[in-house]
1. Which residue fluctuates the most in the chain, going by a Gaussian network model with Cα springs under 10 Å, if the choices are Leu73, Leu97, Leu44?
2. Starting from the Kirkwood radius over alpha-carbon pairs of the chain, derive D by Stokes-Einstein at 4 °C in a medium of 1.567 mPa s and give it in µm² s⁻¹.
3. How far is helix 64-75 tilted off the main Cα axis of the chain, in degrees rounded to 10, range 0 to 90?
4. Could you provide, to the nearest whole Å², the per residue accessible area of the chain with probe 1.4 Å?
5. Quick one: work out the % antiparallel among DSSP beta bridges in the chain, nearest 5.
6. Quick one: which residues, 5+ away or cross-chain, put their amide H under 5 Å from the amide H of Ile102? H built at 1.01 Å from N.
7. Bin all alpha-carbon pair distances of segment 1-80 at 10 Å intervals from 0 and give each bin's fraction as a whole percent.
8. In terms of modelled amide H atoms, which long-range or inter-chain residues lie less than 5 Å from the amide H of Cys83?
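The values are calculated or read from the model by the stated rules, or taken from the named source; none is laboratory data. Everything quoted here is computed from the prediction, not taken from an experiment. Calculation scope for accessible area: heavy atoms of the full protein, side chains included, ligands and nucleic acids excluded. Shrake-Rupley method; radii C 1.70, N 1.55, O 1.52, S 1.80 Å.
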Amino acid sequence: MAAKLVYLKLELKRAFKRLPHMAAGAIVLMAMLGTIAFAASKLLYGETTLERVTIGVVLPEEDRFARQLVRMLGTYDSVRSVCEFSFMDSSEAEKQLRDGEIFGIMNVPEGLVQGIMDGTNIPVTITLPQGNALENR
């Protein structure tokens, strides 16, 4: 029994002697992982920030509910961080899309809100430019 106690004391002393080395190793490992993560983020994203894209919204005449719905959609964080909605008529939207001033057109159909309420769910038409449609999607 006494021999086991002496052996246990020796093992505890060895463990305490190795503890600073293990802690230093853990700190170095964490620093290396942090550096790798930082370098990877710089490599992937660089110095550029994600810009918000402008989407032209074409609304039906005299449909104030559709305007309120699109404004509400624009207040969501996931949408607001990527898109900015600009209300315009159809011809102006097509011209700005051709000129590259906007990145897409969202044509809201007549009775969209009523369709949501009664379950018919009329689809919104999205128009993207021809050249880089894959990037815009």
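1. Leu44
2. My calculation gives 63 µm²/s for D.
3. 20 degrees
4. Heavy-atom SASA per residue in the chain reads 80 Å².
5. About 25 percent, rounded to the nearest 5.
6. Leu97
7. Histogram of Cα-Cα distances, whole percents per bin: 13, 17, 14, 13, 13, 11, 9, 6, 4, 1.
8. HN-HN under 5 Å from Cys83: Val53.
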